[in-house]
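Novice: One structure follows; several queries about it will come next.
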Amino acid sequence: MNSIVEVNNLTKNFYSKEGEIEVLSNISFSLDQGEILSLLGPSGSGKSTILNILTNLLKPTSGQISINGTIGYMFQKDHLLEWRSIMDNITIGIEIMHKKNDKKSMERIERLLKTYGLWDFRNMYPNELSGGMRQRVALIRTLSVDPDILLLDEPFSALDYQTRLMVNDDVYKIIKNENKSVILVTHDISEAIAMGDTVAVLSKRPSTIKKTFDIDLGLKDDRTPFKCRKVPSFQTYFDLLWKELDNNEI
Ligand code: ADP
Ligand code: MG
């Protein structure tokens, strides 16, 4: 398979008054076309830093990065603008790109809203929606400009547990249906397995990729995060990943 993102020997140091901190020491991974890669690591291990480097918000200290497509970035908070309707939140990307009068872009947005159950909500305001629905809006907004690669930075962590399970399924179905390549950052082991085709485990700072696991739970086209959680081998992966994470916590 072709990789759409490749990262080799990435390092990042931050400099402050207190001195230098080495955040990423040697990070290498690749993302294949159409796959979901979970980047699993403890808090402070540099996960957001990796995404910020991929989107050019930060410069790496050293290393090579190759990206063969356009990127959409979704944050932990939904960052919806409360004073804009759902429709106007979703069209913000094409507005910034001066494409609001472009028929094709608007048709695409209409299709996304209709396909993913947001059409009837288009004239409402963010505060009228549940947390789960808000995350769906944030995802559709990210998809509105049709990026090839999605970077999702802990997009579920602000949700309560049951909502999170539902939104896991929701987001998974949408990104597979739209055939996107995804890097999902999370510190949640179950989520990393349930969502990922591959899970790369980060050590704590200065971080490296400790190990990469291909997740094969024997589910095929009917795979959903919820079904994954019910397969007996899910627990086996959980234990393996727990050990990897645990080893570097002490
Ligand atoms: P994670 O997303 O895995 O929780 P981050 O990438 O946010 O981790 O941060 C990794 C480390 O880098 C943290 O110790 C954080 O304080 C530090 N850090 C992040 N951004 C900056 C910055 N702009 N300047 C200095 N230190 C930073
Ligand atoms: Mg983070």
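Novice: Select the helices (runs of 4 or more DSSP H) contained entirely in segment 92-157, then report the ones holding at least 1 residues which are within 21 Å of VAL185 (Cα to Cα).
Specialist: Result: 131-143.
Novice: While we're here: Out of everything in segment 36-89 that is touching a residue at least 40 places away in the same chain (Cβ under 8 Å) and basic (Lys, Arg), what residue ends up being farthest from ligand 2 (Cβ to nearest atom)?
Specialist: ARG84
Novice: Going by what's in this entry, would ASP169 be described as surrounded by fewer than 18 Cβ atoms within 10 Å (Cβ to Cβ), touching a strand residue (DSSP E or B) at 6+ places or on another chain (Cβ under 8 Å) and under 15 Å from ILE36 (Cβ atoms)?
Specialist: Against the criterion (surrounded by fewer than 18 Cβ atoms within 10 Å (Cβ to Cβ), touching a strand residue (DSSP E or B) at 6+ places or on another chain (Cβ under 8 Å) and under 15 Å from ILE36 (Cβ atoms)), ASP169 does not qualify.
Novice: Could you check, for segment 90-103, whether at least one of its residues is among the β-branched types (Val, Ile, Thr), surrounded by fewer than 16 Cβ atoms within 10 Å (Cβ to Cβ) and away from ligand 2 (no atom under 16 Å from the Cβ)?
Specialist: Yes: one or more hits.
Novice: Does ILE193 satisfy the criteria of being in contact (Cβ under 8 Å) with a residue 40 or more places away in the chain and either assigned by TED's automatic domain parsing to the domain that holds PRO42 or surrounded by fewer than 17 Cβ atoms within 10 Å (Cβ to Cβ) (or both)?
Specialist: For ILE193, the condition - in contact (Cβ under 8 Å) with a residue 40 or more places away in the chain and either assigned by TED's automatic domain parsing to the domain that holds PRO42 or surrounded by fewer than 17 Cβ atoms within 10 Å (Cβ to Cβ) (or both) - is met.
Novice: I want to confirm something. Restricting to segment 15-26 and keeping residues that are surrounded by 14 or more Cβ atoms within 10 Å (Cβ to Cβ) and within 16 Å of ligand 2 (Cβ to nearest atom), which single residue is nearest to ILE65 (Cα to Cα)?
Specialist: The extreme case among them is LEU24.
Novice: Also, I was wondering about something else. Within segment 26-49, which residues are under 19 Å from ASP197 (Cα atoms) and in a helix (DSSP H, G or I)?
Specialist: LYS47
Residue by residue, here is whether (1) over 26 Å from GLN33 (Cβ atoms); (2) touching a strand residue (DSSP E or B) at 6+ places or on another chain (Cβ under 8 Å) holds:
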site: ILE149; (1), (2): no, yes
site: GLU154; (1), (2): no, yes
site: ALA158; (1), (2): yes, no
site: ASN179; (1), (2): no, no
site: GLU191; (1), (2): no, yes
site: VAL199; (1), (2): no, yes
site: LYS211; (1), (2): no, yes
site: PRO232; (1), (2): yes, no
site: THR236; (1), (2): yes, no
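Novice: Next up: Could you check, for segment 23-33, whether at least one of its residues is of a type in the set (Phe, Trp, Tyr) and in contact (Cβ under 8 Å) with a residue 40 or more places away in the chain?
Specialist: Among the residues of segment 23-33, at least one is of a type in the set (Phe, Trp, Tyr) and in contact (Cβ under 8 Å) with a residue 40 or more places away in the chain, which makes the answer yes.
Novice: Follow-up question, since we're still on this one. Can you give me the number of residues within segment 162-208 that are assigned to a helix (DSSP H, G or I) and aliphatic (A, V, I, L, M)?
Specialist: Result for segment 162-208: 11.
The values are calculated or read from the model by the stated rules, or taken from the named source; none is laboratory data. Not measured: the values here are computed from a predicted model. Neighbour counts are summed over all protein chains in view; Cβ atoms, including those assigned to glycine, are modelled from backbone coordinates with ideal geometry.
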